Each structure stands twice: as C-alpha cells, then as structure tokens.
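Colleague: Have a look at the structure that comes next, please.
Coordinate-derived values only; no laboratory data. In this text the structure is predicted, and so the values were computed from the model without any measurement. Note that each Cβ is placed from the backbone with ideal geometry, even for glycine, and that neighbours are counted across all protein chains shown.
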Amino acid sequence: MSAHTVTRPLTVGDRTSSEPRTVADVLTGSGAVAPPNSPVLGALAVASLVSPVPGGVPTGFDWNAHDPVSVSDVVSADTVITRVSGRTARRYIRLVDRAGAVRESGTETWTFDDEQPAVPELDFCAPAWGALLAEILSEDREFTSSLSTWDGTIGLRSGETELHLRIYKGRIVDVTRRTPHGATFTFVAPDHAWADLVLSEENDFMRRAIRGEFSSTGDGYEYLRLTKPLNTIIGHARALARKARS
C-alpha cells in the first residue's frame, strides 16, 4: 500500500502510486468477496491499494468502471489530489493495467475537521487564481498584442469551477465567475486534467488537445482561432503552479 509523500499541508498535485498486484490477490488480502465478473471488483481493489488521505474522512465516491477489471488482471492504482478548498479535498484515482491502460477511474471527496491551507496558485479557475493569472497576463506583451483587436470573454472551467476573463482590445477588464452575457467560448477540462496539464514536466497543451483530453463550449471558431493566447494562459498557469509547489 502506498502513502502520500507529504502529510501536511495537503496540496493539489500530491500523488501516490501502488505496486502492481492481481485483483484476486488484493481482494484476498483485504478479505473482500465478490463474484469473478462483478462490476465492483475495481472499486473494491482500489479501497485496498490506496491509502486514506491523512487526517480526512471519506464523504464521497464517484466511480466509473469503463473497462471493468477481472480477478486475473494485474493492476496498480495512481492517485492525485485535484482540489483542496476549505475543509474538503478531492482525489482522483486511476486503476491501470499491466499494459498501461486506464481501466477504471473516479474521484473521492474527503472532509477535514479544520480548514486546509489555501494555495490560490493551485485552485484552478477560482477567482483568486484568476486574479493572479490576470496580473501576469496583463504584463505579457505577446498575449495583449494577440488580442489587441478582440472583444470577448474567455471561459476557463476545471470540473465544476468556472472563471471568466473579460477582455477588451488586449486588456483584461474583469475577472469573475460569470459575465452577464456568458463566455465567448469556454475551455473545459476535468480537475485531474488541469492538474496533469499544469504540473507536468513540459507544456504539452497542444498534444493533449489533439488527444481530446479537453473540450470547449460556445463559439468553436473563436476557440480554435485563439489557440495561441490560450496556450499562453496555460503557460502562465503552469508557472504559477510549479512555483507554488517548489
């Protein structure tokens, strides 16, 4: 069983990885019993492969067995903390087979007695994160010049958290959860995809986009046309996050 590399403070980007084991061995070791082809095999295995979040109490579990494992499969469990806010934290879990394919995945919610330390640089798409990002973007001439004739709103969404950057001729004039007329387009990704994108060793935004890890809502033409400034936004988000975790 694996353990988090840090116990306090809990931070977005904290990861664990278990050793590969057969599902049958994991279930036998834990005393769990289920039919050989049960759809809950993966969830039962994860409960034994992954350590609890230190200091937290599990209060939610959303699991997706998109390619259910069998008792003979050799699997490992990878986890990453995707959001820490107030007294709650979310952890994403992947159940990966020997070939490296993600067979099942899901998100846990953990609750704590006390408020967890706030790290705005890692609270993707929250207002405080947006304010930090807007300050840096406003000083980036490449970003402002690329939008010098544009009038619109770029939306950024991480899971259920959404932020709007209202832009007029290269200037960010407002940072808010919602603008009155909505976003021109919104860049959408799950919390774990934001964590992977922003905290990976290199900025592989374009490669991930081509693989379909992200989506968009609103004006698709403007989304594609503004790929360059969006890539700049991601680059600065990466700088903020990596500095916060350094």
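Colleague: I'd like the orientation of helix 127-138 relative to the chain: the angle between its Cα long axis and the longest Cα principal axis, in ° from 0 to 90, rounded to 10.
Modeller: That helix lies at roughly 50 degrees to the long axis.
Colleague: What does the charge dipole of segment 15-111 about its Cα centre add up to, to the nearest 20 debye, if the Cβ of each Lys and Arg holds +1 and the Cβ of each Asp and Glu holds -1?
Modeller: Charge dipole, segment 15-111, about its Cα centre: 380 debye, nearest 20.
Colleague: Of Thr186, Thr28, Thr232, which is the most mobile in a GNM of the chain whose springs link Cα atoms less than 10 angstrom apart?
Modeller: Its mean-square fluctuation being the largest, the pick is Thr28.
Colleague: What does the charge dipole of the chain about its Cα centre add up to, to the nearest 20 debye, if the Cβ of each Lys and Arg holds +1 and the Cβ of each Asp and Glu holds -1?
Modeller: The dipole of the chain has a size of about 380 debye.
Colleague: Convex hull over the alpha-carbon atoms of segment 1-107: what's its volume per residue in Å³?
Modeller: 97
Colleague: Moving on. Taking only the Cα atoms of the chain, how large is their convex hull per residue, in Å³?
Modeller: Taking only Cα atoms, the chain has a hull volume of 134 Å³ per residue.
Colleague: Would you order Val33, Val46 from fewest to most other beta-carbon atoms within 10 Å of each residue's own beta-carbon?
Modeller: Arranged by neighbour count, lowest to highest, Val33, Val46 become Val33, Val46.
Colleague: Next question, about the same structure. With point charges of +1 on the Cβ of Lys and Arg and -1 on the Cβ of Asp and Glu, referenced to the Cα centre of the chain, which listed residue (Leu132, Phe61, Ala45) lies farthest in the positive direction of the dipole?
Modeller: Leu132
Colleague: Then there is this: Using the beta-carbon distance between Ser148 and Asp67 and R0 = 41 Å, what value does 1/(1 + (r/R0)^6) give for FRET efficiency, to the nearest 0.05?
Modeller: The formula returns an efficiency of 0.30 here.
Colleague: Taking every eigenvalue of the Cα gyration tensor of segment 139-246, multiplying by 5 and rooting it, what semi-axes result, largest first, whole Å?
Modeller: After scaling each eigenvalue by five and taking roots: 21, 16, 14 Å.
Colleague: Sort Ile81, Ile210 so that the residue with the fewest other Cβ atoms within 10 Å of its own Cβ comes first and the one with the most comes last.
Modeller: Ordered by Cβ neighbours within 10 Å, fewest first: Ile210, Ile81.
Colleague: With angles folded into 0 to 90 degrees, how steeply does helix 227-245 sit against the dominant principal axis of the chain? Use alpha carbons for both and round to 10.
Modeller: Result, in degrees: 60.
Colleague: Which loop trypsin sites (Lys or Arg not before Pro) in segment 42-138, with loop taken from DSSP, have no more than 11 other Cβ atoms within 10 angstrom of their Cβ?
Modeller: Filter output for segment 42-138: Arg98.
Colleague: Measuring from label point to label point, each 7 Å out along Cα→Cβ, what is the Thr217 to Ala101 span in nm?
Modeller: Label at Thr217, label at Ala101, 3.2 nm between them.
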